[in-house]
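Trainee: Provided herewith is a single structure, encoded as structure tokens, for subsequent inquiry.
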Amino acid sequence: MTVQDPHASQAPSIEYQFRDDADVIAFARQHVGDQLPAFTVASELQVEEIGDGNINYVYRVCTPDRSASVIVKQGLPWVRIIGESWPLSLVRVRIEAETLQFEADCAPELVPVLYHFDESRSAIVMEDIGDHRNLRHAFLERASLPRLGEQMGHFLATSLYRSSDLALDAHVKKSRVARFTNPDQCKITEDLFFLDPFCDHERNSINPALRADAEALWQDAALKVEVAELKQRFLSAPEALLHGDLHAGSIFVREDSTKVIDPEFGFFGPAGFDIGSWLAALWLAACAHTELEGEQGDKRDYVAQLRAQAVTSWERFAREYREQAALTPDASFAAPGVAERLLARMLRDALGYAGCELIRRTIGLAHVLELESISDETTRARAERRALALGRELIMARDSLSDIDAIDALVARHLA
Ligand code: SR1
Ligand code: MG
């Protein structure tokens, strides 16, 4: 397959951009030869563009018999789906590579192997996890994923603890905060998460059958105060190195295995942001399944499974965070009660950020496949209304919710 210049119609080509198939293949061969011997001996390699994300270009390079393959990801200095009118710094590609490496140190089984990062071509070569499928599709098919909650709880606990003040020397932490400063990516979140969905913004995309609900939300002054507080913490609470975009599209699964990809939004922010984004991924899918086609009993069971995954994720996260915090080398943080205080704040933040994610994926720019797969607008609006109401209540009630079972009961009420 030939790689056409994907930008030909909307932007000038960039000097470092892959020119054609041969260029992508040569790049992959040059950078994984040592690690993947089949790439050195195979006389011919093949390439296909497989990216369906919003921002970058993603290629699979493989041997003719497909027995060996790698993924090459290249970033251009703008948002792929928008073009030159939305410029984006290339620092995100280095940050993605370094965040991926940090996550691999924390939980090697939960991320693809990073083979190479090339700054001059803004490109990464990594393991092909093509035997996994995107979690959105798994959710749509109501796949049973018995280990997902535990695995995500572990991913969050290890990455958020090991980049925190409890684990890192203060000088090291400060230099990492500087190295992972990612202002263009953060600005996307600041706008799409905290601004657009709460006003009549031109970037929003709203189901006409849900318009009145969105308009009511825009009039909700008390909600806007809470969202402003969440945004302020997002801007100025460098607690831990976040993945920064932990939605279902950033996760690939097999029944027994989970892989988290795409940490290009990585930066030091409030730990509850990643936790909340993940919980919202589960709850968004659950909202969709209240109205997706299928037997009522099957749908009810799957909604219950998704709720249970959220409970398991938090329980595993909290248990493992506590265990790690008990070993902190910093005597101030070793005092009794400190870990519980931090966990309580992370949970409170997580609920607020989950609420924002539920709202922005319903009426903002970037929606989720699970809800979008409900073709009838009126039916879809019923599921979307649940997401909006759940999101709003999580934001408004977060200070009074400190117990995961009570939170699950609240979620269940919205999904009934
Ligand atoms: C223009 S980028 C839209 C969304 O896609 C990314 O994956 C992030 O979630 C971002 O908010
Ligand atoms: Mg992404």
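The values are calculated or read from the model by the stated rules, or taken from the named source; none is laboratory data. What you see is a predicted model; the values in this text were computed from it and never measured. When we count neighbours, we look across all protein chains shown, and the Cβ atoms used for this are built from the backbone with ideal geometry, even at glycine. Just the protein is used for accessible areas: all its heavy atoms, side chains included, with ligands, DNA and RNA removed. Shrake-Rupley method; radii C 1.70, N 1.55, O 1.52, S 1.80 Å.
Trainee: So, Val58, is that one within 18 Å of Leu114 (Cβ to Cβ) and in contact with a Lys or Arg (Cβ under 6 Å, 6 or more places away or on another chain) or not?
Mentor: So Val58 passes the test.
Trainee: Please determine whether any residue of segment 250-267 is over 18 Å from the mean Cα position of the chain (by Cα) and either within 16 Å of ligand 2 (Cβ to nearest atom) or under 21 Å from Ala409 (Cβ atoms) (or both).
Mentor: There is no residue in segment 250-267 that is over 18 Å from the mean Cα position of the chain (by Cα) and either within 16 Å of ligand 2 (Cβ to nearest atom) or under 21 Å from Ala409 (Cβ atoms) (or both).
Trainee: Determine which member of the set Asp131, Asp118 is acidic (Asp, Glu) and out of contact with any strand residue (DSSP E or B) (no Cβ under 8 Å at 6 or more places or on another chain).
Mentor: Residue meeting the stated conditions: Asp131.
Trainee: Right, another one. Among (1) within 14 Å of ligand 2 (Cβ to nearest atom); (2) touching a strand residue (DSSP E or B) at 6+ places or on another chain (Cβ under 8 Å); (3) farther than 21 Å from Val47 by Cα, which single condition is Ala104 missing?
Mentor: (1)
Trainee: Next up: Kindly list the number of the only condition in (1) in a helix (DSSP H, G or I); (2) at pLDDT 90 or above that fails for Glu48.
Mentor: Of everything listed in (1) in a helix (DSSP H, G or I); (2) at pLDDT 90 or above, Glu48 misses just condition (1).
Trainee: Using beta carbons and a limit of 6 Å, which pairs, at least six apart or on different chains, have the first residue in segment 52-68 and within 30 Å of His367 (Cβ to Cβ) and within 16 Å of ligand 1 (Cβ to nearest atom) and the second one open to solvent by less than 40 Å² (accessible area, probe 1.4 Å) and in a strand (DSSP E or B)?
Mentor: Ile55/Val79; Asn56/Lys73; Tyr57/Gln74; Val58/Lys73
Trainee: Can you tell me which residue among Val3, Val58 is in contact with a helix residue (DSSP H, G or I) (Cβ under 8 Å, 6 or more places away or on another chain) and either modelled with pLDDT under 95 or not assigned by TED's automatic domain parsing to the domain that holds Gln185 (or both)?
Mentor: Val3
Trainee: Give the residue, chosen from Ser205, Ser122, that is among the polar types (S, T, N, Q), at pLDDT 95 or above and either on the phi < 0 side of the Ramachandran plot or surrounded by fewer than 21 Cβ atoms within 10 Å (Cβ to Cβ) (or both).
Mentor: From the options Ser205, Ser122, the qualifying one is Ser205.
Trainee: Can I ask one more? Where the second residue is part of a helix (DSSP H, G or I) and the first is β-branched (Val, Ile, Thr) and lies in segment 297-322, which pairs have Cβ atoms under 7 Å and are six or more apart or on separate chains?
Mentor: As it stands, the answer is Val303/Ala286; Val303/His289; Val303/Leu415; Val311/Ile404; Val311/Asp408; Thr312/Gly149; Thr312/Glu150; Thr312/Gly153, since those pairs meet every condition given.
Trainee: Those residues that are open to solvent by less than 20 Å² (accessible area, probe 1.4 Å) and in a loop (DSSP other than H, G, I, E, B), I need them from segment 150-179; list them, please.
Mentor: Ser163, Ser164, Leu166
Trainee: Pick out the one residue from Val93, Val113, Val79 that is surrounded by 22 or more Cβ atoms within 10 Å (Cβ to Cβ) and either in the same structural domain as Ile14 (by TED's automatic domain parsing) or within 16 Å of ligand 1 (Cβ to nearest atom) (or both).
Mentor: Only one candidate qualifies: Val93.
Trainee: Tell me, yes or no, whether segment 338-348 has at least one residue that is closer than 30 Å to Arg203 by Cβ and either among the hydroxyl-bearing types (Ser, Thr, Tyr) or within 20 Å of the chain's Cα centre (by Cα) (or both).
Mentor: Looking through segment 338-348, at least one residue is closer than 30 Å to Arg203 by Cβ and either among the hydroxyl-bearing types (Ser, Thr, Tyr) or within 20 Å of the chain's Cα centre (by Cα) (or both).
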